[in-house]
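Reading through the structure tokens given below for one structure.
Just so you know, all these numbers are worked out from the coordinates, no wet-lab data involved. The model shown is predicted, which means the values in this text are computed figures rather than measured ones.
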Amino acid sequence: FNSKEFNSGYPALSRDGQTLVFASDRPGTLGSFDLFISRKTGGVWSEPQSLGPLINTPGAELWPYLTEDGNLIFASDGHPGIGGLDLFICKFENGAWQAPQNLGFPINSPFDDFSLISKGDLSEGWFASNRNNDNGTDDIYAFKQLRPANEMTVQVVDKFTRISLPGLDAGVRDPSNRDVVTPAT
């Protein structure tokens, strides 16, 4: 796994301890860092295999995390995102990880968002980000899903003071930015 010729880091073990996913810049990567997998069979780890072009990009894929149900979460600056490093999930279905899906706002921001870990089914957890500070340092943020995934609460705040601005209407626009889909207050 290790060599003086390349770097390996950010290891993530599956709950049963039989699967290891990690980032590396070893020869043959598509980008600056790719994700690799190794499985433990008979007490021996298999040779690391790239997770391939479905997951790896010409950018960097870092900070993998394996959920209890076998899904893969990782940070990437190579997949389409909000900005900087964004967090993505690859659901494990029919024996394989599916195409990465951006976890979206408010988990992701225009800054670097990475290193997510969670309890159970992603309804509660923590991640790191360099948002909301002027010195570029990374902070740990907690999240907890309070409503079903198809509902949301919108709070309008002043850009500079972060003070809530009550009595304003807000809405959600469709991806083409034409129509208000769901008005909220």
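Brief remarks on what is shown
- Prolate/oblate/rounded label for region 1-41 (Cα gyration tensor, a/c 1.5): prolate
- Straight-line cross-link reach from Lys91 at under 28 Å between alpha-carbon atoms covers these lysines, not counting any fewer than eight positions away in the same chain: Lys40, Lys119, Lys144.
- With the Kirkwood sum run over all distinct C-alpha pairs, region 51-102 has a hydrodynamic radius of 11.0 Å.
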